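The values are calculated or read from the model by the stated rules, or taken from the named source; none is laboratory data. On a predicted model such as this, the values are computed, not experimentally measured, just so you know. Here Cβ is always computed from backbone atoms with ideal geometry, including for glycine, and neighbour counts include all displayed protein chains. Accessible surface is based on the protein model in full, side chains and every heavy atom, while ligands, DNA and RNA are left aside. Shrake-Rupley method; radii C 1.70, N 1.55, O 1.52, S 1.80 Å.
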Amino acid sequence: MPNSANSSHTPENIKVATFNLCNYLAPPDAFYDFENIYSQQQWDKKQAWIRNYLQQQQPDVIGFQEVFSAQSLKQLTEAAGYPYFAVIDEPNVVDDFIYDSPVVAIASRFPITDFAAVASNADLNAPLGINNHFRFSRKPLRATVQLPQVGACDFYVVHFKSKRSITDEGFSPIDTNTASSDVKAANSLRAEILGQWASTQQRSAEAAQLINAIWSRKIDSGHPVILMGDFNDELETSVLHHLLADGGRVKSDLLTSAIAQRFRLQQSWSLFQQSLCHRNINEPEATVLLDGSDQDKVQIPTKHPAPYTFYYGTKGMVLDYILLSGEFDPSFNESLAEVYDYHLHDRHLTNPSYDIDSHSTDHAIVMISLRVRQ
């Protein structure tokens, strides 16, 4: 099987990547705090790292997260061979030069024919138990891309609410001026836990509103769907696993297996493993490329868990995903393409070189190779 990082570009081979840029903000502006400003040398190093990844791996469509400087990113990607770029929001200006609330963006070698922010449906708030003032912590982006031999495909780029605690004075209903140190400590812990719970509820609400928007759009357009981004949680959690729509118990003559298979989203990692089972016996043995491993190629047994995309201390987890609709499922008789390769760019996390990686990103970059079925 060809190495996904070096496969030649053909109409039958389409590469899709999700890339958390980690505080992409050009100096002299600061992210979150007035001390967080890249020097010009640090910024140039970060820009060079991104350009090097694009040059080496050659993705065709890239979803970006943690974008503060959208114009700089557009200029970088255009120079790297991506004539199409879309962004639908702006970061928040806390002070004259301090920013928070980064946005998402998408760059493509193929035409972006339409793009928009994903809107929530207020009518769903009450049935879902969501606050009437709900809004996405970061607006998801929907871009319709004209893929070779596939046609119009709806790409969604997301960055769900993090697990970081939501601070709220309502979580600390005591007079901190008169409370004892023990009471203050216990109350601080309580506020932190409740704040994390609020973050989980926000992330759950975002996922529910997003999948509703995706399905509503797909019913109207019929386009294949690719959802990618930083989910800030693992799909196996009860918060996010409904995105895969694999736990439905609906009993209906209308819900045929073909409809369910076309609409439900599946992990690219799972689809990659399914693809191995459907390949011709004469094809080369399948492998996946993990940049940070001791070997260039690692054999993938059936049901092997997806490789980690983020590390919190020594704990690894999968936070970055690419999900695809049934048109990319090799077991679906109406599929258009399959996930033929899976590439994880993670050497900067598992075996970093300071000279090269000091201003890269704190996430691995996930890239898949889609092979159009003949």
Quickly run through region 59-84 and pick out the residues that are open to solvent by 40 Å² or more (accessible area, probe 1.4 Å) and within 19 Å of T113 (Cα to Cα). K74, E78, P83, Y84
Quick check on my filter: what residues within region 143-170 are at pLDDT below 95 and touching a Lys or Arg at 6+ places or on another chain (Cβ under 7 Å)? F160, K161
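Which ones in region 53-111 are of a type in the set (F, W, Y) and within 24 Å of N13 (Cβ to Cβ)?
Looking only at region 53-111, we keep the residues that are of a type in the set (F, W, Y), and these are 53, 64, 68, 82, 84-85, 97, 99, 110.
Selection gives Y53, F64, Y82, Y84, F85, F110.
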Just checking, does region 38-51 include any residue being in a loop (DSSP other than H, G, I, E, B), out of contact with any helix residue (DSSP H, G or I) (no Cβ under 6 Å at 6 or more places or on another chain) and either open to solvent by 60 Å² or more (accessible area, probe 1.4 Å) or without any contact (Cβ under 8 Å) to a residue 24 or more places away in the chain (or both)? yes
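This table checks each residue for (1) assigned to a loop (DSSP other than H, G, I, E, B); (2) farther than 20 Å from N52 by Cβ.
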| site | (1), (2) |
| --- | --- |
| Y321 | no, yes |
| P330 | yes, yes |
| N333 | yes, yes |
| Y342 | no, yes |
| L349 | no, no |
| P352 | yes, no |
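May I ask you to say which residue of L244, L240, L276 is at pLDDT 70 or above, of a type outside the set (F, W, Y), in contact with a helix residue (DSSP H, G or I) (Cβ under 7 Å, 6 or more places away or on another chain) and surrounded by 16 or more Cβ atoms within 10 Å (Cβ to Cβ)?
On the way: L244 fails: in contact with a helix residue (DSSP H, G or I) (Cβ under 7 Å, 6 or more places away or on another chain); L276 fails: in contact with a helix residue (DSSP H, G or I) (Cβ under 7 Å, 6 or more places away or on another chain).
Within the list L244, L240, L276, the selection yields L240.
Is it fair to say A143 is in contact with a His (Cβ under 7 Å, 6 or more places away or on another chain), in a strand (DSSP E or B) and closer than 24 Å to I219 by Cβ? Give the derivation first.
Values: in contact with a His (Cβ under 7 Å, 6 or more places away or on another chain): no; in a strand (DSSP E or B): yes; closer than 24 Å to I219 by Cβ: yes.
So A143 fails the test.
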From the list N232, N212, which residue is part of a helix (DSSP H, G or I) and either of a type in the set (F, W, Y) or at pLDDT 90 or above (or both)? N212
With criteria (1) surrounded by 10 or more Cβ atoms within 10 Å (Cβ to Cβ); (2) modelled with pLDDT under 85, L254 comes up short on (1)
Only one of D294, D346, D320, D329 is open to solvent by less than 60 Å² (accessible area, probe 1.4 Å) and at pLDDT below 95; which? D329
